[in-house]
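FYI, it's all coordinate maths here, none of it is from the lab. Owing to the predicted nature of the structure, the values given are computational and were not obtained by experimental measurement. Heads up, the Cβs are rebuilt from the backbone with ideal geometry, glycines too, and the neighbour counts pull from every protein chain shown.
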Amino acid sequence: MSTDTMALDARRHIARQIRWRPAEVIFWLATLLPFVLFPTHLVLASQIAITALFALSLDLILGYAGIVSLGHAAFFGLGAYTAGLLSKHGWGEPLSGLVLSALVAGIVGFAASLVIARFRHLALIMITLGMGLLLHEAANSASWLTGGVDGLQGVKMWQVLGQFRFDLYGYTAYSYALAVLFLSFLLVRRIVHSPFGLALRGIRENSVRMTAIGASARAHVRKVYTISAALAGVAGALLTQTTSTVSLETLGFQRSAEVLVMLVLGGAGRLYGGLVGAIIFMSARDQFSGITPLYWYFWIGTLLVAVVLFLPNGILGGLARLRWRRR
Amino acid sequence: MTGAAPPVLATRGLCKSFGSLVVADGVDLEIPAGARHALIGPNGAGKTTLVNLVTGMLRPNGGQIFLGAEDVTAAAPEQRVGRGLARTFQVNALFPALTALEAVTLAICERNGVARCWWRSIAGFTAEIDEAHAILASLSIASVCHRPTRELAYGHQRLLEIALALASRPKVLLLDEPTAGVPRSESAELFEAIAGLSRDIAVLFIEHDMSIVFRFASRITVMVSGRILVEGTPDEIAHDEQVRAVYLGSRHHG
């Protein structure tokens with residue numbers, strides 16, 4: 001091959017990695033199946049979609065930029081409370097609620113990123129954990145605003161687009177959550193496949209070298225952390241809007257830990273890892289907690305250990321390796 | 001270097017110590033445009049420390065660093081890269097999961113200031129991809145450019161180190177033992193690639209293999225214990241009594 005055709009081949013090779021794959025189209029078509037197959041489980045389906053969006057937001061910072069966080073629920077909770085408070089004080093329009101929640105979570109995320117961008121590894125885990133606990137406690141003590149442990153009461157949502165009322169069966173809830181998840185996914189997919197996305201992977205792989213090629217790694221980290229926080233805020237707002245309640249649990253440590261588990265389970269840094277992890281985790285919890293509610297964590301613990309031992313890149317990483325071997 | 005153009009890189013009285021350990025002691029260095037300048041000295045002489053000081057990865061306790069006429073002593077490492085100073089690492093510091101092409105494309109995007117762009121697909125940045133491919137081709141590693149870096153042969157990884165540095169279009173290139181870990185038979189080949197670089201780039205390299213140093217360097221600086229012992233042409237260095245003492249002294253009784 002001449003140099004010219006090899007150069008063209010290089011362009012094509014990069015374009016090929018970005019192309020939509022058939023499996024992706026099938027995945028998104030399959031997200032419509034619950035309407036037909038499990039019409040009585042649409043409420044659960046909507047919760048899965050919301051959790052999947054939350055996991056996707058974590059994937060952006062953890063899977064791509066390598067920023068470990070044990071306090072990501074802080075932004076989920078901020079979004080949840082923003083949407084809830086808006087509605088309680090008379091503004092129940094869902095879409096603008098999402099936008100404002102994203103804004104609030106994004107602004108706080110940006111403020112946090114000024115600190116976050118300076119640290120890595122263990123220090124980062126401690127800082128994000130601390131920030132999460134701090135916000136949880138603040139919401140707990142400010143019960144005049146948040147309702148404290150009783151949760152925020154009096155959330156009343158208007159119809160989506162002035163047309164669709166949130167119904168008891170979760171038909172609107174799932175349609176709405178799925179649409180927002182899909183649009184957010186398109187955004188994240190574009191970010192990941194942009195020069196900025198490449199820079200994020202560079203930071204994850206070797207932040208010292210990033211400096212040596214002239215990159216301001218901190219500026220990149222601040223930006224992606226802000227975007228991720230805003231997306232987590234959207235997920236939180238969705239939960240408020242589809243359930244009409246906000247509890248302190250939205251800010252809790254358990255939520256931060258669980259979303260991390262889902263992402264590791266599905267496979268971090270793979271776009272679909274968080275989505276697949278959320279589907280498996282939430283459906284399994286729904287099934288197992290029906291049978292043996294007490295031992296639910298026993299099973300999820302077993303599953304987690306097994307995945308980390310045998311599929312260090314998560315379920316999707318394992319599948320990719322299997323496909324690669326067969327070729 | 002009297003009457004010549006101003007040096008592209010210069011240090012004046014550069015000092016650095018860790019506690020009582022002095023690793024740079026008043027280092028004055030001048031690299032003219034297009035130079036092939038070797039930095040040699042025994043282990044622990046402070047050669048890598050000097051590279052770290054010049055690139056800004058370490059802060060000096062005293063002295064100044066100039067890129068062209070500009071004082072960059074206070075500039076952040078990434079700002080110095082933007083002003084034409086690039087380096088490679090003694091121990092590979094690459095992006096293991098990125099392909100060679102992705103890594104070099106990333107470095108070019110950073111140089112062009114488009115790495116912050118998140119709304120356009122990377123596939124649209126064809127000029128950057130083409131240039132990355134051309135750099136890899138010039139170092140003869142284009143054939144493996146779609147493999148993840150961690151799967152590349154060690155010698156190819158050493159070349160990728162240089163490719164990443166070249167991607168920032170440096171005026172000065174600092175090579176910290178580019179042949180470290182490379183078999184002797186291949187190290188000359190690797191240096192042929194370095195010798196083939198454009199004369200617009202001044203190269204300062206640390207190297208232990210004296211046959212390579214004397215073959216490729218136009219000037220040589222000898223460092224001992226954080227200080228410059230002597231500087232001169234390869235011929236002058238080869239016949240310098242002090243240098244002989246440093247390099248041969250320990251072997252005299254053998």
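Summary table below
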| read-out | value |
| --- | --- |
| Mean Cβ count within 10 Å, highest first, over the residues of peptides B:224-235, B:21-32, A:75-86 | A:75-86, B:21-32, B:224-235 |
| Angle between chain A longest axis and helix A:121-141 axis [Cα atoms, degrees, rounded to 10] | 10 degrees |
| Cβ-based net charge around residue B:97, under 13 Å, with every Lys or Arg adding one and every Asp or Glu removing one | +3 |
| Options A:243, A:46, A:220, ranked by Cα towards positive dipole end of the range A:36-326, top entry (Cβ charges) | A:220 |
| Rounded, prolate or oblate (a/c below 1.5 giving rounded, otherwise prolate when a/b exceeds b/c) for the range B:179-224 by Cα gyration tensor | oblate |
| Proximal aspartates and glutamates to residue A:223, defined as alpha-carbon separation beneath 15 angstrom and excluding residues fewer than eight positions away on the same chain | A:59 |
| Selected from A:5, A:288, A:307, residue furthest toward positive end of dipole (the protein assembly as shown; charges at beta carbon) | A:288 |
| Fluctuation leader among B:180, B:127, B:107 - chain B, Gaussian network, Cα springs under 10 angstrom | B:127 |
| Positive-end residue, the range B:53-152 charge dipole about Cα centroid, Cβ charges, pick of B:92, B:134, B:119 | B:92 |
| Derived scalar couplings ³J(HN,Hα) [the range A:195-207; Karplus, 6.51 cos²θ - 1.76 cosθ + 1.60; whole Hz; x for Gly, Pro] | x, 4, x, 5, 4, 4, 5, x, 5, 4, 6, 6, 6 |
| Candidates A:273, A:162, A:90: whichever shows maximal mean-square fluctuation once chain A is modelled as a Gaussian network with Cα springs under 10 Å | A:162 |
| For the protein assembly as shown, fraction of C-alpha pairs farther apart than 47 Å, in % | 27 percent |
| Amide H contacts under 5 Å for residue B:23, placed H, 5+ residues apart | B:16, B:17, B:18 |
| Residues whose placed amide H lies under 5 Å from that of residue A:246, excluding near-sequence neighbours | A:152 |
| Chain A - charge dipole about Cα centre, Lys and Arg +1 at Cβ, Asp and Glu -1, debye rounded to 20 | 1300 debye |
| Average partner coverage of B:125-138, which counts Cβ from other chains inside 10 Å | 4 |
| DSSP bridge pairs, the range B:9-251: antiparallel proportion in percent, nearest 5 | 55 percent |
| Most to least packed among A:217-229, A:135-147 [average Cβ atoms within 10 Å] | A:217-229, A:135-147 |
| Per-residue average of Cβ from other chains inside 10 Å of B:109-115 | 6 |
| Other-chain or far-sequence residues with amide H under 5 Å of residue B:230's (modelled H) | B:222 |
| Contact order relative to length of the range A:1-129, as percent, for alpha carbon pairs under 8 angstrom and 6 or more apart | 22 percent |
| Considering only the protein assembly as shown, percent of DSSP beta bridges that pair antiparallel, nearest 5 | 60 percent |
| Over the range B:9-251, relative contact order from alpha-carbon pairs under 8 Å, at least 6 apart, % | 29 percent |
| Angle between chain B longest axis and helix B:126-138 axis [Cα atoms, degrees, rounded to 10] | 40 degrees |
| Residue-wise HN-Hα coupling along the range B:222-236, computed from phi with Karplus coefficients 6.51, -1.76, 1.60 (Hz; x: Gly, Pro) | 9, 10, 9, 6, x, 10, 7, 7, 7, 9, x, 6, x, 5, 4 |
| Dipole magnitude (debye, nearest 20) for the range B:210-250, charges at Cβ of Lys, Arg, Asp, Glu | 160 debye |
| Whole-Å distance, taken between Cα centres, linking the range B:65-111 and the range A:177-245 | 25 Å |
| Ranked list, fewest to most other Cβ atoms within 10 Å of each Cβ, for B:89, A:253, A:38 | A:38, A:253, B:89 |
| HN-Hα J in Hz across the range A:307-312 - Karplus 6.51, -1.76, 1.60, θ = phi - 60°, x for Gly and Pro | 5, 5, 6, 9, 10, x |
| Prolate/oblate/rounded label for the range A:227-294 (Cα gyration tensor, a/c 1.5) | oblate |
| Relative contact order (%) - criterion: Cα under 8 Å, at least six apart; region: chain A | 31 percent |
| Test item: A:11-24 mean partner chain Cβ contacts at 10 Å | 4 |
| Lys, Arg +1 and Asp, Glu -1 on Cβ, resulting dipole of the range B:9-251 about Cα centre, debye, nearest 20 | 420 debye |
| Straight-distance crosslink candidates among lysines, where the alpha carbon sits under 29 Å from residue B:47 and sequence neighbours closer than 8 are dropped | B:16, B:171 |
| Peptides ranked, highest mean first, by Cβ atoms within 10 Å: ranges B:209-218, B:131-140 | B:131-140, B:209-218 |
| Cα gyration tensor, chain A - rounded (a/c under 1.5), prolate or oblate | prolate |
| Calculated P(r) of chain B - Cα pairs past 28 Å, % | 35 percent |
| Formal net charge of residues neighbouring residue A:276 (Cβ-Cβ distance under 14 Å; K, R +1; D, E -1) | -1 |
